[in-house]
Amino acid sequence: MRQLGKRRSSLSANLKIGDHHGCCRTPEEEEVFFPFAQDSVVKQWSSMHNVSERNQEKSKAPPRRSRCFLNINVGGKSFQIAYKMAARYPITRIGKLAISTDPMKKLKLCDDYSVQRNEYFFDRDPLIFHYIFHFYRSGVLWIMDELCPTNFVEEIEYWGIHLKYSQRCCRILFEEKQDELKEYLKIQRELEAELEPMEQEENFEGKCLGEFRKAVWNLIEKPYSSIPAKIIAVMSSFFVLISIVGMTLSTVEEMQHKTGKAFMEQLETICAIFFTSEYLMRLISTATFPKFLRAAFNAIDLVAILPFYIQILFEHLDEGDALYHEERHKMESVGKLGKVLKLIKLMRIFRILKLARHSTGLRAFGFTMRQCYQQVCCLLLFIALGVFTFSALMHSVEHDVPGTNFTSIPDAWWWAAVSLSTVGYGDTVPDTVLGRMVAFGCISFGIILNGMPISILYNKFSDYYAKLKAHENETSLTLKFTKNIRFKERALKKLAECCSGDAHIHS
């Protein structure tokens, strides 16, 4: 009868009948061999063992294989790794511990050492060490999807194991996850920097009129701090809209007569006075003047009020030229000043950017554009390539047609830009069959091009808007809670004062 060999201690039944070399080992080989899934090797550990248990352990003869194994305790869980297995990787922490003969160097490599148990203690994550433990057994570093990339990299760097020991497929997925996490953290930091001016408290202590300036600053910069602050924020948005409407109506022909023009000038004066007073209140109440000048919103406020005063300055210069110059020179100067005044009046359109101070949507849109500038630049590059390519093709097939509008490539740029945007005014159309084929290709390319960035931009915009809105709601709830607490404190204080007053009267 055939004698069966000893079965291998493993999770998988990989015993081959008749194969006695792979399953039967000498005592020396059995001491070195170590199965990965053996329960007696990975065991729970507790530092609260009583002395009697320790004495019982001492009285028992130690197993024969313990002389060839390195006893390691990681976060309360005990592991045993063969010295020969650990010595294969001498640059790792466990490898250095296995090959080192100096006790002082060994103590530097671990956090603590138990002489009674001959066990090295490490205050690290025991869950991740299971993968390190498997690495010494198999030579392959396994990476699971549920692991935190930052924590895992920190742990393997501590144990001195490089990521190159992992499988290529796992390493690629892990690096992609790392890049996604880094990008997410980068956006979070920039979003926190965007919200920082709203969260930070200005330091007015020890400054001239500190309490008064702080009250004015909260009134202008923090619309959720009080009801008057909300009213001022609403008035600011209202005056911005009135100013834009007034600038628009001033270009209507019916408003060019004397009465309408005077009314628009009075409206512009009122808006300019409000914007100026608002800017001066911010300037006076700020705690750090250089930081105030570097702020983007404050620069927008300054640009919003400068056109009004520059216009007044140029009108006075115009009157001076009329007094001291001849008629011809006066007309030339008036014409030049008129062009300058038109440009200055056009700067008033930047007042609409003041709405971004109180509009979460505009701030989220600006933040999205800053985060997606690479995608936007790439889109503009594709549009430019399409315009140049299809305008050159259209000119080459249409320039010989009598009465064509495609007389040159620059003349075809407008047609290509309109066709790529799928607007199609129809003011310029091709006449030949080849020209229509080129136009169909241009329109098809425009449809594909317009559909590419929409999902990316919209998803990011909705994400940033939700985060900014959540922060805004959280801030308002915090202020309301603080007000309620202060109201209770004031009520209790007032009640205590009344009670003490009554007691004093009765006494």
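The values are calculated or read from the model by the stated rules, or taken from the named source; none is laboratory data. Note that this is a predicted model, so its numbers are computed, not measured. As a convention, Cβ positions derive from the backbone with ideal geometry for all residues, glycine included, and neighbour counts pool all protein chains shown. The accessibility values were calculated without ligands, DNA or RNA, using every heavy atom of the protein model including side chains. Shrake-Rupley method; radii C 1.70, N 1.55, O 1.52, S 1.80 Å.
Using only the C-alpha atoms, the convex hull of segment 69-194 corresponds to 121 Å³ per residue. Using the Cα gyration tensor of segment 363-494, with a ≥ b ≥ c the square roots of its eigenvalues, what is the shape: rounded (a/c below 1.5), prolate (a/b larger than b/c) or oblate (neither)? Prolate is the answer for segment 363-494, as a/c is 1.5 or above and a/b outweighs b/c. In this structure the amide hydrogen of Val74, modeled in the peptide plane, comes within under 5 Å of the amide hydrogens of Phe79, Phe122, none closer than 5 places in sequence on its chain.
With Cα atoms defining each centre, segment 62-126 and segment 442-464 are spaced 57 Å apart in the structure.
Full extension of the chain between Asp400 and Lys291 gives 33.0 nm of extra length, using 0.36 nm per residue less the Cα-Cα distance. Summed over the residues of segment 361-427 and divided among them, the accessible surface reaches 56 Å² per residue at a probe radius of 1.4 Å.
At what distance in angstrom do the alpha carbon centres of segment 132-173 and segment 350-384 lie from each other? Using only Cα atoms, the two centres lie 40 Å from each other.
Residues in segment 69-194 average 55 Å² of solvent-accessible surface per residue, probe 1.4 Å, ligands and nucleic acids excluded.
Taking all protein chains together, Trp159, Trp414, Trp217, Trp142 sort by accessible area into Trp414, Trp142, Trp217, Trp159, largest first [probe 1.4 Å].
Applying 1/(1 + (r/R0)^6) with R0 = 56 Å to the Cβ-Cβ distance of Leu163 and His358 gives a FRET efficiency near 0.70. Once fully extended, how much extra length lies between Leu283 and Phe440, figured as 0.36 nm per residue of separation less the alpha-carbon to alpha-carbon distance? That works out to 50.8 nm of additional length.
The label point for Lys186 and the one for Lys77, both projected 7 Å from the Cα toward the Cβ, are 3.5 nm apart.
Paramagnetic label reach from Cys378 (point 7 Å along Cα→Cβ; backbone nitrogen cut-off under 20 Å): within segment 428-458, residues 445-458. When a 1.4 Å probe is rolled over the protein heavy atoms, the share of accessible surface on segment 363-494 that falls to carbon and sulfur comes to 69 percent. Using 0.36 nm per residue and subtracting the Cα-Cα separation, the extra length available between Thr251 and Gln178 on full extension is 20.7 nm.
Each other residue within a Cβ distance under 14 Å of Leu109 adds +1 if Lys or Arg and -1 if Asp or Glu, for a net charge of +1. For Glu253, the solvent-accessible surface with a 1.4 Å probe is about 150 Å², rounded to the nearest 10. Of the accessible area of segment 69-194, computed with a 1.4 Å probe over protein heavy atoms only, carbon and sulfur atoms account for 54 percent.
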